[in-house]
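Following: one structure in structure tokens, then a few remarks.
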Amino acid sequence: MGATVALYVRSSKDRADVSCESQVVELTAAAHARGETIHRVYEDRALSSTRDELPGFTALLEAARQDPPPFTKIYALDTSRLARDTYHAQSVKYWLRKKRGIELCFLRLPSSGTYMDVAFEKTMEIWDELHSNVSKEKAIMGQKQNIRRGYRAGGKAPYGYRLRYDVVATHRDGKEIRKAVNEPDPVTGPLIAEYFERRARGESRASITRDFEARGVPSPSGDARWSQSTGRAFEENLDTYLGHLVYNRHQEHLRGGGYAGGRKFRPRGAWVVHPDAHPPLTTAAIAAVVRSRLEERSRRPGTTETRTFCLLTGILRCGSCGGGYEGDRALYRCGTPGCRNGRIAKATIERIVAAVIEEDFLTPERLRLIVRRDRLRQQQRIERTKSRLSTLERDLAVVERKLATLWDRHADGTLSLDQYRHLNAPLWQRREALVAQLAEASAPLEVDFSHDQERVARLIKDVTAWLTSGKEADRRYIVGRLFTEIRLGPRFGRGRRWERNLDFVSDIAGLSGGHVASPAGFEPAFRP
């Protein structure tokens, strides 16, 4: 008698060619043709492997945890049925095969019985994730096009509006294709208008929301109590309340909480805006007053607004108190309250730093020595890494144990799918990094000095261009790599003629100390 097997079927769209029923028919025929007995069919209908909880898949894994498992093989149509996320797929397959001894059979994956099967399966995992990302990109393109045509991209209406559906076409199967637009809600719309009018007159959010509570007005979430953050959300959504449709405003929300890049909103230039798409609930004049106050609060000390860093922020330090200098428009000022070391013109100090780099660093002889030194350091580092092979192997074993433990916690229900995915990906990334380090430590080092002259000439040309006309980020990168600290000393001298030292700290031999002098007492000039 043949083996006992389980069938797993999943469809993200309930079409005839991918429906769970069609998958069951195909998998059942394959199992019976091999004389195998079907233990159970595990099914997830119209659910996404990347976004939804999968009760059928969870039940399958729970059964696989039994000792012994009630089946020795799992049939699925293809690799994408289990997961489209590469790290998730690797974890699932590793646990089932290595830890539970269960064979996986993907019906639409060719099998040669050789080592090529593993390579082909991993290739298909990459294509599965690519297909998922392409589908996501197409959905985003469709949503953007809806916005450009004046229709919503999806989701519920913002507070103060309700959805109205327009029939825009008829599908070939006779079903109507409807698109949603915002229209003012007769109950909540006037509340939004009142909120902005009172805010423009200077009333606080707390005062307005307390009044709404006293009047028995439910909050947007349906609670009796209103949060001040709700009012701030209204103000951050001013474009919508002016009648515009806005898309791509929010950063991607991470499964573990928070937003990609650590910020809730994307830069305004990335937004897709369709003006005058629906009736406004406030006026442009009122919105301008509210927006100015919102921006003013964001600029206050202690707020979460990201500061604009100048070229030397974080590098230039005070020679008197040791504090850091901060860029303030055309000046750098010591950030320590009460420090009397004074300020320095931004253009002047940055010109001095550029001169030091060009005159003291950008020479072929210096750079050739640096390149050779760094290559020798790299060789020594790799030699040391080779001696760490046993440590890397030990670290890899620890990571693999953590992966197995994490999978067990997910399989027994301790961790939800979202929690599992959030914790699983960094561990797999760590595992891949350790595997790469092991490969690097085992590989011979090839040091080639034949192209040093060409590389040095190209580097000098690139760095010179960046220092004179490059982007701020490129210039900051250069300065940050060359200098660990630039220290501006206190003034000394008599009358209106004073001087101050400018010391450069670097781990590159020869970059040490400049001198700043000024006959006028305010605009110092570099003097070697």
Among the residues in the range 296-309, are any in contact with a Leu (Cβ under 8 Å, 6 or more places away or on another chain), at pLDDT 70 or above and outside any loop (DSSP other than H, G, I, E, B)?
no
Exception for ARG152 within (1) of a type outside the set (A, V, I, L, M); (2) buried (at least 18 other Cβ atoms within 10 Å of the Cβ); (3) at pLDDT 85 or above falls at (3)
Reported set for the range 344-364 where residues are at pLDDT 80 or above and of a type in the set (D, E, K, R) is LYS346, GLU350, ARG351
In the set GLU194, GLU203, GLU183, the lone residue that is surrounded by fewer than 17 Cβ atoms within 10 Å (Cβ to Cβ), in contact with a Lys or Arg (Cβ under 7 Å, 6 or more places away or on another chain), modelled with pLDDT of 85 or more and in the same structural domain as GLU295 (by TED's automatic domain parsing) is GLU183
Of the candidates ASP67, ASP14, ASP85, ASP78, the one satisfying the condition of being under 23 Å from LEU423 (Cβ atoms) and modelled with pLDDT under 90 is ASP85
Of GLY335, GLY327, the only residue that is under 33 Å from the mean Cα position of the chain (by Cα) and over 18 Å from ARG475 (Cβ atoms) is GLY335
* Asked: Does GLY493 satisfy the condition of being modelled with pLDDT under 80 and not in a helix (DSSP H, G or I)?
  -> yes
Out of (1) crowded, with 16+ Cβ neighbours inside 10 Å; (2) at pLDDT below 70; (3) assigned to a helix (DSSP H, G or I), the one ASN133 does not meet is (1)
The condition of being at pLDDT 75 or above and touching a Phe, Trp or Tyr at 6+ places or on another chain (Cβ under 8 Å) holds, among GLY319, GLY324, GLY335, only for GLY335
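The values are calculated or read from the model by the stated rules, or taken from the named source; none is laboratory data. Note that the coordinates shown come from a computational prediction; the quantities given were computed from them, not determined experimentally. With ideal geometry, Cβ positions are generated from the backbone for all residues, glycine too; neighbour counts draw on all protein chains shown.
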